[in-house]
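**Student:** Take this structure, written in structure tokens, and hold onto it; I'll ask about it next.
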Amino acid sequence: MDFLAPFIEVYTTDHLRFLLEGFWVTLKVAAISIVLSFIFGGIVGTLRYAKIPVVSQLLAVIVETIRNLPLLLIIFFTYFALPEIGIEMEITAAAIAALTVFESAMISEIIRSGLNSIEKGQIEAGRASGLNYIQTLRYIIMPQALRRMVPPLVSQFISLLKDTSLAVVIALPDVLHNGQIIYAQKGSYVVPVLVIVSFMYFIVNYALSMIARRLELKQI
């Protein structure tokens with residue numbers, strides 16, 4: 001009973017509601033970042049695939065630089081450094097911006113790799129049938145590539161959801177931040193709070209993992 005006492009004290013209606021409010025922030029930040037990073041990552045990945053002179057090389061440098069930086073550093077830079085040059089964002093916007101920048105670089109590589117996985121003969125066939133390069137990319141290459149990209153994209157989105165927890169360093173009121181507030185009230189709250197927080201992350205990420213697995217099996 002002594003072991004269960006902290007769980008009983010923590011799992012009250014008020015505490016659970018507070019954690020769910022934080023989890024809603026987590027999901028909202030993740031969802032917005034996923035949409036934005038998919039858009040920007042798609043644009044960057046496609047431009048790199050097209051091998052446009054200068055533009056492709058410049059984007060490659062930017063992408064490789066971002067991919068080799070810690071996400072935590074990008075979060076700090078977005079929230080603490082940008083205000084020094086006149087760009088100020090509130091906590092949620094800063095978290096979304098940092099996650100979008102980092103994940104866009106990751107997703108652009110998935111997009112580029114997916115496009116490169118399509119046989120070059122497909123482009124030649126499209127051009128031979130009278131389509132221009134953009135039409136060939138849109139109607140022939142992209143639809144095939146997207147099917148191959150789905151599993152790694154879902155896996156990256158899972159990573160993004162987990163990475164939102166890093167924004168706790170700038171006091172983003174997410175589920176981990178709210179959990180810290182609860183267990184700061186009493187040391188014995190740490191285990192039960194982290195258990196329920198872990199469960200919340202697990203449920204969503206496991207569901208996404210199953211989706212990725214099923215999509216991957218369809219490609220085999």
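The values are calculated or read from the model by the stated rules, or taken from the named source; none is laboratory data. Quantities reported herein were computed from a predicted structural model and do not represent experimental measurements. Note that each Cβ is placed from the backbone with ideal geometry, even for glycine, and that neighbours are counted across all protein chains shown. When the accessible area is computed, the model is the full protein with side chains, heavy atoms only, and any ligands, DNA or RNA have been set aside. Shrake-Rupley method; radii C 1.70, N 1.55, O 1.52, S 1.80 Å.
**Student:** DSSP loop trypsin sites (Lys or Arg not before Pro) in the range 122-206 with at most 12 other Cβ atoms within 10 Å of their Cβ, which ones? Please list the in-between numbers first.
**Tutor:** Numbers: sites: 127, 138, 147, 148, 162, 186; in loops: 186.
Hits after loop and neighbour filter: 186.
**Student:** Hey, another quick one. On a full-extension model of 0.36 nm per residue, what is the gain between residue 169 and residue 123, subtracting their alpha-carbon distance, rounded to one decimal in nm? If you can, show how the numbers build up before the last one.
**Tutor:** On the way: separation 46, 0.36 × 46 = 16.56 nm, distance 4.70 nm.
Roughly 11.9 nm would be gained on extension.
**Student:** If you wrap a convex hull around the Cα atoms of the range 125-193, how much volume per residue is inside, in Å³?
**Tutor:** Numbers: hull volume 7.5 nm³, N = 69.
Spread over its residues, the Cα hull of the range 125-193 gives 108 Å³ apiece.
**Student:** Still on this model: Using a 1.4 angstrom probe, figure out how much accessible area the range 1-107 has per residue, in square angstrom, rounded to the nearest whole.
**Tutor:** 57 Å²
**Student:** Please list 3J(HN,Hα) in residue order for the range 27-41, calculated via the Karplus relation 6.51 cos²θ - 1.76 cosθ + 1.60 where θ = phi - 60°; whole Hz, with x for glycine and proline.
**Tutor:** Rounded to whole hertz, the list is 5, 5, 4, 5, 5, 5, 5, 4, 4, 5, 5, 5, 5, 5, x.
**Student:** Next up: Taking only Cα atoms, what is the 0 to 90° angle, nearest 10, from helix 175-184's long axis to the longest principal axis of the chain?
**Tutor:** 20 degrees
**Student:** Expressed as a fraction of 2.2 N^0.38 Å, the rule-of-thumb size for a compact globular protein of N residues, what is the C-alpha radius of gyration of the chain? Please report the intermediate quantities before stating the final value.
**Tutor:** Working: Rg = 21.4 Å, N = 220, 2.2 N^0.38 = 17.1 Å.
So the Cα radius of gyration is 1.25 times the expected 2.2 N^0.38 Å.
**Student:** So for the pair residue 76, residue 139, with labels modelled 7 Å out along Cα→Cβ, what separation do we get in nm?
**Tutor:** Placing both labels 7 Å beyond Cα along the Cβ direction yields 5.2 nm.
**Student:** So, with a 1.4 angstrom probe, what is the percent of accessible area on the chain that is carbon and sulfur? If you can, show how the numbers build up before the last one.
**Tutor:** Values: 8270 of 12100 Å².
The computed percentage sits at 68.
**Student:** Taking the Cα centre as origin and putting +1 on Lys and Arg beta-carbons and -1 on Asp and Glu beta-carbons, what dipole magnitude results for the chain, to the nearest 20 debye? Present the calculation step by step, with values, prior to reporting the outcome.
**Tutor:** Numbers: 16 positive and 15 negative charges, 223 e Å.
Around 1080 debye, computed over the chain.
**Student:** Also: If each DSSP helix of 4+ residues adds -39,500 (n - 2.57) and the sum is divided by the residues in the chain, what number results at 222 nm, nearest 500 deg cm²/dmol?
**Tutor:** Values: 10 runs with 164 residues, N = 220.
-25000 deg cm²/dmol, from helical runs alone.
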